[in-house]
Amino acid sequence: MKKIHISGKEFVWDDPSGLYKACHVSTCLKNENGDLLTAYFGGTKEGAPDLGIWLSRKIDGKWQQPRRIKYMYGFQHWNPVLHRDGDKVLLYYKVGHGTHDWYTLVTESRDFGETWSESREAVPGDHRPRVVTKNNILVADDGRWFGGSSTEGDLDHDCFIDISADRGVTWNMHPIPFEHRYLPHRGKIEWEGIKELWMSDPDIVLKWDGIIQPTLWQSEKNVFHCLMRSSRGKIYRSDSTDGGETWCQAYPTDLPNNNCGINLVQLRDRTLVLFLNPVDVNWGERTPLSAVISEDNGQTWSEYFHLETDEGEYSYPYAVTDGYTIDLTYTWRRKKIMHCEITLDEKG
């Protein structure tokens, strides 16, 4: 079994206090020169009217000061996702006053994030959260793009996979079946940081039931899989054996989940690395932040490797890989974005 090795760990920016009071939900991208982009939302707090998309570039080994690249006061900006398409970088992100009514915009850069085009609707005329909610766009072996997204209603949370056969020009939705249940929710929310969310009323959030934010991989021709966060204390999974056209009923895995974001990457040898908070309580604490490895297509997983174990929030991992090395970013106490460089070693 392989083991995780952290070869580098650093804040994207050491002191962002003069830029924003809080930041969350990062995404990253690396080019052939080893330069990095990371984007995230920042402002007074999640859901505040000054919430915008911030971006920093690491060029020639040095992080540049973050810049706010997308902003309109009173119209919150959320959950950026970077995606590379040849010499073009796409940035998908959400706009709206909350996760119940947000929708997706996209902008592009031809100079690795130095300048950005005017934003447009990711799916023209469709004001739903299309394409992606939080995690990477998967480029399938046949060149199609797969994006994992989800809707968050007053009670039901549901996932779908958006697929594009023309590199993001048009998208087609493919729902993931999920059987909702409505049980009495008792007890308190264990995660004190719930107060930092745009919605924090226990009488509301404890009624939400479902799955959101799929993270995707492909195991063989026309066979795809995804893992999803849930309100049930477990990570859920769904599989497709017909090229993504249909997906099986979402089912629970043995992996714990605290109803917080997860992320997965697949290495060149098909090894899976999953980043998560291994806490099996709905709205449980967002620590530790950990990683697990699977070498059998997600059937079994390694012991946890903990990246963060202190009190506080360490959450919303986002990773990219060249097949060997992993670059990971995540939220560090809602104040900063952390970047790690990770490799996998054979256990001796």
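The values are calculated or read from the model by the stated rules, or taken from the named source; none is laboratory data. Since we're looking at a predicted model, the values are computed, not measured. Note that each Cβ is placed from the backbone with ideal geometry, even for glycine, and that neighbours are counted across all protein chains shown. Calculation scope for accessible area: heavy atoms of the full protein, side chains included, ligands and nucleic acids excluded. Shrake-Rupley method; radii C 1.70, N 1.55, O 1.52, S 1.80 Å.
For the reader, a short list of remarks on this structure follows.
- Entirely in region 202-272, the strands (runs of 3 or more DSSP E) that have 1 or more residues that are charged (D, E, K, R): 209-220, 223-230, 234-240, 251-256
- Residue under evaluation V223, criteria (1) among the β-branched types (V, I, T); (2) within 28 Å of P80 (Cβ to Cβ); (3) touching a Ser or Thr at 6+ places or on another chain (Cβ under 8 Å), criterion not met: (2)
- Looking across region 160-184, the residues that are open to solvent by 50 Å² or more (accessible area, probe 1.4 Å) and without any contact (Cβ under 8 Å) to a residue 60 or more places away in the chain come down to A165, D166, V169, T170, N172, M173, R181, Y182, L183, P184.
- Any hit, region 91-106, residues being touching a residue at least 40 places away in the same chain (Cβ under 8 Å) and of a type in the set (D, E): no
- Selection of first residues in region 195-221 that are at negative phi and of second residues that are loosely packed, with under 14 Cβ neighbours inside 10 Å and among the hydroxyl-bearing types (S, T, Y), restricted to Cβ pairs under 8 Å at least 6 apart or on distinct chains, gives the following pairs, ordered by first then second residue: K207/Y182; D209/Y182.
- A single entry from P256, P288, P278 fulfils the requirement of being touching a Lys or Arg at 6+ places or on another chain (Cβ under 8 Å) and open to solvent by 10 Å² or more (accessible area, probe 1.4 Å): P256.
- Output for region 84-105, where each listed residue is polar (S, T, N, Q) and open to solvent by 10 Å² or more (accessible area, probe 1.4 Å): T99
- Some residue of region 201-220 being closer than 30 Å to P124 by Cβ, more than 19 Å from the chain's Cα centre (by Cα) and modelled with pLDDT under 95: yes
- Pick from region 13-47, criterion surrounded by 15 or more Cβ atoms within 10 Å (Cβ to Cβ) and among the small types (G, A, S), ranking: farthest from W198 (Cα to Cα): A39
- Considering residues of region 112-137 that are surrounded by fewer than 15 Cβ atoms within 10 Å (Cβ to Cβ) and small (G, A, S) only, the residue farthest from D322 (Cα to Cα): G125
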